[in-house]
2 protein chains.
Amino acid sequence: MSKYKFVLDDSRIPKAWYNIAPDMPVAAEPVLNPQTLEPVTPDFLSVLFPMNIIKQEISQERYIEIPEPVREIYKLWRPTPMFRAHRLEKFLDTPAHIYYKHEGVSPVGSHKPNTAVAQAFYNKEAGTKALTTETGAGQWGSALSMSAGFFDLAVEVYMVKVSYNQKPYRRMVIQNYGGEVYASPTNRTEYGRSVLAQFPDSPGTLGIAISEAVEVAAKSGGTKKYSLGSVLNHVMTHQSVIGLEALEQMEMADEYPDIVIACAGGGSNFAGLAFPFLRENFTNGMNTRIIAVEPASCPTMTRGKYAFDYGDTAAMAPVVKMHTLGHTFVPPGIHAGGLRYHGMSASVSALVENGDVEAVAVKQLATFEAAVQFARVEGIIPAPESAHAIRAAMDQALICKETGEEKVIVFNLSGHGHFDMAAYDAYHAGKLQDYVHPTEKIEEAMSHLPKIG
Amino acid sequence: MSKYKFVLDDSRIPKAWYNIAPDMPVAAEPVLNPQTLEPVTPDFLSVLFPMNIIKQEISQERYIEIPEPVREIYKLWRPTPMFRAHRLEKFLDTPAHIYYKHEGVSPVGSHKPNTAVAQAFYNKEAGTKALTTETGAGQWGSALSMSAGFFDLAVEVYMVKVSYNQKPYRRMVIQNYGGEVYASPTNRTEYGRSVLAQFPDSPGTLGIAISEAVEVAAKSGGTKKYSLGSVLNHVMTHQSVIGLEALEQMEMADEYPDIVIACAGGGSNFAGLAFPFLRENFTNGMNTRIIAVEPASCPTMTRGKYAFDYGDTAAMAPVVKMHTLGHTFVPPGIHAGGLRYHGMSASVSALVENGDVEAVAVKQLATFEAAVQFARVEGIIPAPESAHAIRAAMDQALICKETGEEKVIVFNLSGHGHFDMAAYDAYHAGKLQDYVHPTEKIEEAMSHLPKIG
């Protein structure tokens, strides 16, 4: 048995996902219809999602069985390995024990297919012919494109135009799996055309791309459904395989984490690792600190409000009670594209609000510094998003160095950075910078929150 | 136990490499000094390599113990998984059983660190301060840069200029690990300056880059040593971990291959998978067909001569009896950059010559077609080099479909294609083409072989 790598056999891929909803100390607020600002009905949601997914979205069952065809595909890369970062510990000269769960071993290089495969399966089962989605940097679009292909579903990806042009490799990955990709705003949708009419040179935003993908599904007469890679409850539930495996792997290592850390953009890789450990906190008397890490440049949890807000810029997507910077907030063009969302999943937000999860913000330069140090000692080049978790884990390990405490730290390495080398290049060339928003900018964006109740 | 994935525990990373030299039915010819055309002496080699590596290069020991620090680093990604390609079998509707060994799970995405880590370790042990090497597409440069960093060695990488400019991501990977990269030809070497004086706009070739890396090491007074990522015996030996693991994994699968397939540029991933199976053929009465696959556009084994030739264009590197297209042969700019070498390892060549290994050539378009089909059913986007093995494996499986034979086929998926998406994009855009060289072109290049004896 290795002391540094903890590998599970295929048979230990979880047989059920963990749904945190019934264990939430304070329930997340219901999602509202963006037109009426009343709680959404399954009917409203069924325009966008098939009923089997809607049932999961609102389920209060603690465990949801993973369908065998999904587990079969999971075997391509799951169970993912858990590593003890012994060279990093030595580099930091810390008594802390640092572990990381490596989700970058999936074929597309991130945790995203954990839910993409499940969503493709359920849509196929429900008779959907094609999926629509948006993608920013392209991680989600490539995961869904691969997964849709496995189940013979077509897929239309609305990719933020600036990423489409600046990150051609991800666009190519989507296409290579057979997905159609459109640089958003497009002239394929009413909303896209309205944006282009007003701003012909619009570089696009995730909010616009969501609106386009939603519109195409809504107007398809039921043949096309919309798929989302984060934020929603069923996505968090699908990602729980990460933490369920991690629990078993910590048992193999004969340790239990004092601190669990993951980055959080919409919250999916965070929830994936953290929710099973929160289950242990809530139901099994454990007392692990759970830390969600965000960029200081998009400080949803640390500087945003816990309030109802639209999921998209155009105010067409459901309204969610969440930590938000306001749906009109425009984050700067940091290289962790997956962490540039103005909001946060409702469940993660409720847990932060209740004090079950701590939120910290880290700056871009310190994050890349951590990423480069990690790559040089551990070998793996992390995605800039994942590097936020590395930065926070290193900070905790350095505190242990001061105090002499031998804490056990587990973080999620949610993806590799092979498609993000331009960001590293910019960092080495001294072209990156830190962003701290003036309070007025955040207050201005907050003034556009919908008025509820 | 899964029927589709065969995973070994860390404890089953081989404890010794397999060296095929003592089992060769016909020994490979000795390497010659490029100046004297006499067999090289260890003294000559010691200018370039440390003595511990030279001893391995000429060793007749069947097994060479893997040092513990090397095994420790191997654990980052080894043992690599073996998959049964059941979705590919279904897609092809073949009775064949197709397995692939996935070497793309290493931190740099290919099999190259299997030897890079070992070479860095031995150089560190021997007191080397810095390594010099060349790289074409950048796979080898990134593997050596990562590995040198693990052992606190500096590294200078001479990267073919056209790749340096066209494949910036790999250059960035090398730099991110701390390696220095120079676009070759450079003005850092006498040979580089002589090339630039004559051809100021030279796009570079692997031959020129080798010459530069060799010159820097040779003139360093012993502080810098040269490192090569393929061709040489010790490289083949280090790669044997692939096949040694594969033998164990086939035992787990309760099958034994009828056919073993790998692509071959310099021969290292091929040897890595195939040599342990050849051992079984030679010493254990097995009768597996062993197939080396090359591009039709650089048909070293299928159209070249088995003859003594220089390892580099400048005729500065050792002279090797090998399959060669002539050291002045210029292959077209195909996207499998790792398969554009004019020669082949001496041991692989001798085995081909003796009929122990079959060589086949496949065309670029059919290779990309196979790569895309593989990605869509198996999920993993292969490197263009590895796609040659996929093409040949699919061809064999399709023969089985005709004959109804349930053959067991194992191929090496030597790397992923995340850094090669531009090649896929060109393929989808119809911009790739097949190349078949006129006989005269090959005959012309052959006329520059050194006259021996």
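The values are calculated or read from the model by the stated rules, or taken from the named source; none is laboratory data. Bear in mind that the values here come from a model prediction, so they are computed numbers and not experimental data. Every residue, glycine among them, receives a Cβ derived from its backbone with ideal geometry; neighbour counts consider all protein chains shown. The protein model used for the area step is the full one, side chains on, heavy atoms only, and it has no ligands, DNA or RNA in it. Shrake-Rupley method; radii C 1.70, N 1.55, O 1.52, S 1.80 Å.
What the table shows:
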| read-out | value |
| --- | --- |
| Using alpha-carbon coordinates, inclination of helix A:364-378 to the longest axis of chain A, degrees | 50 degrees |
| Mean residue ellipticity (222 nm) of chain A, computed from DSSP H runs ≥ 4 via -39,500 (n - 2.57), nearest 500 | -12000 deg cm²/dmol |
| Simple label model, 7 Å out from Cα along Cβ direction - A:V47 to B:H448, nm | 6.9 nm |
| Rounded to 5, the percent of DSSP beta bridges in the protein assembly as shown classed as antiparallel | 35 percent |
| Listed residue (A:Y74, A:P299, A:F44) projecting farthest to the positive dipole end of chain A, Cβ model | A:Y74 |
| Percent accessible area from carbon and sulfur atoms, the range B:338-415, protein chains only, probe 1.4 Å | 44 percent |
| Inter-copy spacing of A:E61 label points, which lie 7 Å from Cα along Cα→Cβ, given in nm from shortest upward | 5.9 |
| Computed magnitude of the charge dipole of the protein assembly as shown (debye, nearest 20; Cβ of K, R +1, Cβ of D, E -1) | 980 debye |
| Chain A - charge dipole about Cα centre, Lys and Arg +1 at Cβ, Asp and Glu -1, debye rounded to 20 | 860 debye |
| Unit charges at the beta carbon, dipole of chain A: most positive-side option, A:G221, A:A96, A:V241 | A:G221 |
| Cβ-derived FRET efficiency at R0 22 Å, B:K441 paired with B:S194, nearest 0.05 | 0.30 |
| Over chain A, relative contact order from alpha-carbon pairs under 8 Å, at least 6 apart, % | 20 percent |
| Förster radius 45 Å - calculated FRET efficiency between A:I58 and B:E251 (Cβ-Cβ, nearest 0.05) | 0.40 |
| Using a 7 Å Cα-to-Cβ projection, B:K129 label spacings across copies, nm, ascending | 7.0 |
| Threshold 20 Å² - residues in the range B:378-403 whose accessible area is reduced by that much or more when the chain is no longer isolated, probe 1.4 Å | B:G379, B:I380, B:I381 |
| Cross-link pairs beyond the 32 Å C-alpha cut-off, checked among B:K15/B:K305; A:K161/A:K225; A:K75/A:K129; A:K15/B:K401; B:K167/B:K441 | B:K15/B:K305; A:K15/B:K401 |
| For A:I290, residues with placed amide H under 5 Å, excluding near neighbours | A:V260, A:E358 |
| FRET efficiency estimate (nearest 0.05) - Cβ-Cβ, A:E369 to B:A16, R0 45 angstrom | 0.70 |
| Label-point gap, in nm, between A:Y306 and A:N287 - each point 7 angstrom along Cα→Cβ | 2.2 nm |
| Label 7 Å beyond Cα on the Cβ vector: B:T41 copy-to-copy distances, nm | 9.4 |
| Dipole moment magnitude, nearest 20 debye, the range B:212-288 about Cα centre, only Lys, Arg, Asp, Glu C-beta charged | 660 debye |
| Total accessible area lost when B and A pair, probe 1.4 Å, Å² to nearest 100 | 3900 Å² |
| Where rotation carries A onto B, the chain A residue whose Cβ is nearest that axis, in whole Å | A:H418, 2 |
| Helix A:268-283 vs. chain A, principal-axis angle (Cα, 0 to 90°, nearest 10) | 60 degrees |
| Under 13 Å from B:K407, Cα to Cα: aspartates and glutamates that are on another chain or at least 8 residues apart | B:E89, B:E255, B:D258, B:D395 |
